[in-house]
């Protein structure tokens with residue numbers, strides 16, 4: 001039965017596109033064959049190729065690019081041999097209609113070999129998804145049957161089990177970036193001030209709204225012990241006195257302590273984390289950043305033209321020899337006809353392994369470049385579609401650029417505490433040198449293999 005799509009391509013130059021295409025076609029339900037041994041540097045015997053083309057192939061898909069040529073215009077021997085065999089097959093079977101289909105992936109001229117210009121050529125050079133959509137319509141029109149095996153992801157599984165495993169961990173001096181943003185300096189202690197009731201705590205907090213503090217029930221947490229507490233009304237001045245003031249040393253909080261009464265260690269930890277989080281919130285607010293409440297109630301901060309008029313930020317990689325050579329990264333920009341995309345971070349205060357923040361990357365979308373789209377489902381859909389084309393290096397550079405974007409003119413990041421000692425953050429993320437590394441498949445086409453096929457199909461059809 002002829003039910004197989006045979007993919008011919010230049011190895012290794014067009015491996016990535018071929019793997020992507022094979023996985024997409026399988027997810028659509030087609031049976032696919034391509035030279036897997038060639039991808040691994042092995043040898044595929046000609047009788048295997050000949051047998052597949054002669055017996056089971058329904059369409060011969062040629063990945064057509066400048067890479068199929070050698071020596072300034074000669075077709076590579078393996079591909080030439082396959083094309084000649086296909087032409088022989090067609091001469092013996094004139095009933096085969098559009099058996100050979102050319103997939104032009106780099107806008108190459110149509111006449112690399114005799115008769116190429118007369119063949120059906122599908123353009124993938126501008127957009128792979130659009131090219132796949134055109135190919136899918138062609139296969140449907142020619143009534144190419146779908147696979148009945150039920151295993152529609154053989155290429156993806158093969159790629160994971162063979163192609164990646166063939167590139168294991170290696171000895172390699174490599175710098176690894178974390179998402180830990182550590183505190184470099186901060187006050188040595190803080191205070192939890194307890195009031196008689198929540199109303200008193202709320203009034204004291206409102207009287208000290210210019211001071212870094214956090215109110216939680218009937219307690220106010222701050223680095224400043226002496227707060228304004230005189231409340232004036234029509235009958236005079238009333239002083240709101242605290243019930244108790246607890247001074248907590250940061251060294252004790254880091255080492256841990258046991259206490260049954262309030263504030264227990266867990267109480268002190270939670271109060272301090274809220275205070276630390278508020279300090280960075282105030283700092284971002286002073287820089288003009290916008291924020292958006294995520295589905296988990298955490299806050300994601302992002303730039304707009306208000307805080308970053310150019311949308312681009314210059315930054316340097318740490319430990320690079322040429323630190324004067326800056327790299328630029330765009331932190332927001334136009335997204336389709338929706339409006340704007342914005343790189344954003346959310347943060348979680350932490351005491352271990354460093355005092356500071358665990359950062360998480362996000363993409364936020366707005367229609368006017370400022371206020372985020374409120375609908376959570378819309379945000380999620382847009383994030384999936386754009387985010388799936390962004391990988392390790394993209395997220396790393398965006399995060400480094402974001403930190404560079406909020407530095408002061410003297411390269412410092414100082415969070416106001418309203419005491420003599422402010423909270424100073426390190427100018428970069430925590431990083432570690434390793435003696436081992438791996439070959440990161442940075443090419444996005446490879447990694448798209450592991451995206452669910454339904455999402456791609458939905459994107460193509462709409």
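The values are calculated or read from the model by the stated rules, or taken from the named source; none is laboratory data. Quantities reported herein were computed from a predicted structural model and do not represent experimental measurements. FYI the Cβ positions are ideal-geometry reconstructions off the backbone, even for glycines, and counts take in every protein chain you see.
Could you say which residue among 224, 249, 210 is closer than 26 Å to residue 426 by Cα, in contact with a strand residue (DSSP E or B) (Cβ under 6 Å, 6 or more places away or on another chain) and either at pLDDT 95 or above or surrounded by fewer than 19 Cβ atoms within 10 Å (Cβ to Cβ) (or both)? Spell out the reasoning first.
Values: 224 fails: in contact with a strand residue (DSSP E or B) (Cβ under 6 Å, 6 or more places away or on another chain); 210 fails: in contact with a strand residue (DSSP E or B) (Cβ under 6 Å, 6 or more places away or on another chain).
Result: 249 is the single residue among 224, 249, 210 that is closer than 26 Å to residue 426 by Cα, in contact with a strand residue (DSSP E or B) (Cβ under 6 Å, 6 or more places away or on another chain) and either at pLDDT 95 or above or surrounded by fewer than 19 Cβ atoms within 10 Å (Cβ to Cβ) (or both).
Filtering the stretch 53-61 for residues that are surrounded by 12 or more Cβ atoms within 10 Å (Cβ to Cβ), without any contact (Cβ under 8 Å) to a residue 24 or more places away in the chain and assigned by TED's automatic domain parsing to the domain that holds residue 139 leaves an empty set. When the residues of the stretch 39-66 are filtered to those that are at pLDDT 90 or above, under 24 Å from residue 128 (Cβ atoms) and not in a strand (DSSP E or B), which remaining residue is farthest from the chain's Cα centre (by Cα)? Here the residue is 66.
Residues that are over 26 Å from residue 191 (Cβ atoms), surrounded by 15 or more Cβ atoms within 10 Å (Cβ to Cβ) and touching a strand residue (DSSP E or B) at 6+ places or on another chain (Cβ under 6 Å) within the stretch 403-432 comprise 404, 405, 429, 430, listed in sequence order. The residue pairs whose first member lies in the stretch 13-38 and is within 16 Å of residue 129 (Cβ to Cβ), whose second member is in a helix (DSSP H, G or I) and modelled with pLDDT of 90 or more, and whose beta carbons are closer than 7 Å, counting only pairs six or more residues apart or on different chains, are 24/132; 28/136. Residue 224 meets each of the listed conditions (1) touching a residue at least 60 places away in the same chain (Cβ under 8 Å); (2) over 48 Å from the mean Cα position of the chain (by Cα) apart from (2). Among the residues of the stretch 193-209, those that are without any contact (Cβ under 8 Å) to a residue 12 or more places away in the chain and not in a loop (DSSP other than H, G, I, E, B) comprise 199, 206. Report the residue count in the stretch 67-99 for those that are over 43 Å from the mean Cα position of the chain (by Cα) and not in a loop (DSSP other than H, G, I, E, B). Of the residues in that region, 8 qualify. One residue alone among 365, 354 is surrounded by 15 or more Cβ atoms within 10 Å (Cβ to Cβ) and part of a loop (DSSP other than H, G, I, E, B), and that residue is 354.
Filtering the stretch 288-313 to residues that are surrounded by fewer than 16 Cβ atoms within 10 Å (Cβ to Cβ), on the phi < 0 side of the Ramachandran plot and assigned to a loop (DSSP other than H, G, I, E, B) leaves 295, 296, 298, 305, 306, 309, 310. Could we say that residue 273 is loosely packed, with under 15 Cβ neighbours inside 10 Å and out of contact with any helix residue (DSSP H, G or I) (no Cβ under 9 Å at 6 or more places or on another chain) here? Answer is no for this residue.
Annotation: residue 451 fulfils all but one of (1) more than 30 Å from residue 351 (Cβ to Cβ); (2) at pLDDT below 95; (3) in contact with a strand residue (DSSP E or B) (Cβ under 8 Å, 6 or more places away or on another chain); the unmet one is (3).
Annotation: residue 349 fulfils all but one of (1) crowded, with 19+ Cβ neighbours inside 10 Å; (2) farther than 20 Å from residue 391 by Cβ; (3) out of contact with any helix residue (DSSP H, G or I) (no Cβ under 7 Å at 6 or more places or on another chain); the unmet one is (3).
Counting only residues that are exposed (fewer than 13 other Cβ atoms within 10 Å of the Cβ) and either touching a helix residue (DSSP H, G or I) at 6+ places or on another chain (Cβ under 9 Å) or farther than 22 Å from residue 134 by Cβ (or both), how many does the stretch 82-97 have?
Kept after step one, since they are exposed (fewer than 13 other Cβ atoms within 10 Å of the Cβ), are these residues of the stretch 82-97: 84, 88, 91-95, 97.
Among the residues that remain, those that are also either touching a helix residue (DSSP H, G or I) at 6+ places or on another chain (Cβ under 9 Å) or farther than 22 Å from residue 134 by Cβ (or both) are: 84, 88, 91-95.
So the answer is 7.
Taken over the stretch 103-132, residues that are buried (at least 17 other Cβ atoms within 10 Å of the Cβ) and part of a helix (DSSP H, G or I) amount to 4.
Looking only at the stretch 331-340, count every residue that is touching a helix residue (DSSP H, G or I) at 6+ places or on another chain (Cβ under 8 Å), assigned to a strand (DSSP E or B) and either at pLDDT 95 or above or within 19 Å of residue 403 (Cβ to Cβ) (or both) and tell me the total. First the steps, then the outcome.
Filtering the stretch 331-340 for residues touching a helix residue (DSSP H, G or I) at 6+ places or on another chain (Cβ under 8 Å) gives 331, 335, 338.
Next, only the ones that are assigned to a strand (DSSP E or B) stay: 335.
From what is left, the residues that are either at pLDDT 95 or above or within 19 Å of residue 403 (Cβ to Cβ) (or both) are none.
Of the residues in the stretch 331-340, 0 are touching a helix residue (DSSP H, G or I) at 6+ places or on another chain (Cβ under 8 Å), assigned to a strand (DSSP E or B) and either at pLDDT 95 or above or within 19 Å of residue 403 (Cβ to Cβ) (or both).
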